[in-house]
């Protein structure tokens, strides 16, 4: 019933949303007579804040129309290379591609936000790399006829996408995985290695729970301390009939969003108070930065229930990859079989989602790699999102990633 209650709540808020929008325009538009009334700026700010809080946030766009390459502005066009039931392989094609630039495949998290959360990751890499990303679909938009999507299916997508990117000409490919997909990505590559398949030149793993036993965070504790039956009963819903994915079992995005907010409620409250003050003061740049952040942060997607529950059990309850017991489609995953894909692990010193050492644990599993094919970096004073987005990512982390990829290209 949670889904129905949520939709009802949204429907009740809809008239208030339009009322707030009308008043925000009336008190904030300089062509409106009432905008010159006493305290009009405060009223406009109040209605604008109400408008933002009652808004429905849809899937954002990447909005990377061009990038600077060697001092020249180059147009960027999005093209879908593969269209799978639960994911599109999205390529950012540059009008002028640099000869022999490294080909990078980014595995975005399937954890509640859209892949546009990695917009800064993509935009920063584009001037020096040929970039493709996994653009996951909202499970409520996927017909029930497409079947279920499990952890094993994610690992299968990993292998299929790598084979596709390498193609018949065995092109060099570098894989970057951010947060949650580090586990199925490492599993998929390990399975390919065990079969003697061609592997990516390198694997860059950023802020992921390879071994959730190390310095568990509140997110880890929440998942570990509850039996799987609790998650089945309390957070799994069926998609209502008005959506294309009607009757599909999902972990709703609005529940994940509530969890995100609950982790740092004071910070979000302060952010909205600051937004109100910025509007009153006429600080348009700061207010616009707030809008851009929350347009992304508040846009959430439903996850296939099977994948969500599999992840809870395998990654957090059993820590099966770290313990050497993970099986995918009946095959035992052996990271030690990886001998040719260089490994770079990256963590944030202040990461409150994947604790210190959880990503670095990949090195203890990939024992088949020589010292020359291993690197680790802990970014000082960087939180989880700062690992792949923002100034510190661009200035501290990305240069190391670029150098690592170039070294193993």
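The values are calculated or read from the model by the stated rules, or taken from the named source; none is laboratory data. This one's a predicted model, so the numbers in the text were calculated from it and none came from an experiment. Cβ placement follows ideal geometry from the backbone for every residue including glycine, while neighbour counts extend to all protein chains displayed.
Could you please let me know if residue 339 is farther than 30 Å from residue 297 by Cα, touching a strand residue (DSSP E or B) at 6+ places or on another chain (Cβ under 6 Å) and modelled with pLDDT of 95 or more?
It is false that residue 339 is farther than 30 Å from residue 297 by Cα, touching a strand residue (DSSP E or B) at 6+ places or on another chain (Cβ under 6 Å) and modelled with pLDDT of 95 or more.
Residues that are assigned by TED's automatic domain parsing to the domain that holds residue 289, surrounded by fewer than 17 Cβ atoms within 10 Å (Cβ to Cβ), in contact with a helix residue (DSSP H, G or I) (Cβ under 8 Å, 6 or more places away or on another chain) and not in a helix (DSSP H, G or I): does the range 5-27 have at least one?
Looking through the range 5-27, none of the residues is assigned by TED's automatic domain parsing to the domain that holds residue 289, surrounded by fewer than 17 Cβ atoms within 10 Å (Cβ to Cβ), in contact with a helix residue (DSSP H, G or I) (Cβ under 8 Å, 6 or more places away or on another chain) and not in a helix (DSSP H, G or I).
Only one of (1) farther than 21 Å from residue 407 by Cα; (2) in contact with a strand residue (DSSP E or B) (Cβ under 7 Å, 6 or more places away or on another chain); (3) in contact (Cβ under 8 Å) with a residue 40 or more places away in the chain is not met by residue 117, so which one is it?
(2)
Here are some conditions: (1) at pLDDT 90 or above; (2) touching a strand residue (DSSP E or B) at 6+ places or on another chain (Cβ under 8 Å). Residue 63 meets all but one. Which one does it not meet?
Among (1) at pLDDT 90 or above; (2) touching a strand residue (DSSP E or B) at 6+ places or on another chain (Cβ under 8 Å), residue 63 violates only (2).
Taking into account only those residues within the range 28-42 that are over 36 Å from the mean Cα position of the chain (by Cα) and surrounded by 14 or more Cβ atoms within 10 Å (Cβ to Cβ), which is nearest to residue 274 (Cα to Cα)?
Among those residues, the one meeting the criterion is 41.
Among the numbered criteria (1) at pLDDT below 95; (2) surrounded by 15 or more Cβ atoms within 10 Å (Cβ to Cβ), which single criterion is violated by residue 190?
Unmet condition: (1).
Are there any helices (runs of 4 or more DSSP H) wholly within the range 212-264 with 3 or more residues that are at pLDDT below 90 and under 21 Å from the mean Cα position of the chain (by Cα), and if so which?
218-224, 253-263
Report the residue count in the range 46-67 for those that are in a strand (DSSP E or B) and either more than 24 Å from the chain's Cα centre (by Cα) or under 23 Å from residue 300 (Cα atoms) (or both).
Of the residues in that region, 0 qualify.
Could you please find all residues in the range 351-361 being surrounded by 16 or more Cβ atoms within 10 Å (Cβ to Cβ) and within 20 Å of the chain's Cα centre (by Cα)?
Answer for the range 351-361, where residues must be surrounded by 16 or more Cβ atoms within 10 Å (Cβ to Cβ) and within 20 Å of the chain's Cα centre (by Cα): 351, 353, 354, 355, 358, 359, 360.
Taking strands (runs of 3 or more DSSP E) that do not extend beyond the range 68-185, which have at least 3 residues that are closer than 24 Å to residue 254 by Cβ?
Strands (runs of 3 or more DSSP E) meeting the threshold: 130-136.
Quick one: would you say residue 203 is touching a residue at least 40 places away in the same chain (Cβ under 8 Å) and touching a strand residue (DSSP E or B) at 6+ places or on another chain (Cβ under 9 Å)?
yes
So residue 287 clears everything in (1) in contact (Cβ under 8 Å) with a residue 24 or more places away in the chain; (2) surrounded by 15 or more Cβ atoms within 10 Å (Cβ to Cβ) except one condition, right? Which one?
(1)
May I ask you to list the residues in the range 232-251 that are touching a helix residue (DSSP H, G or I) at 6+ places or on another chain (Cβ under 6 Å) and under 20 Å from residue 313 (Cα atoms)?
Hits for the range 232-251 are 235, 236, 237, 249, 250, 251.
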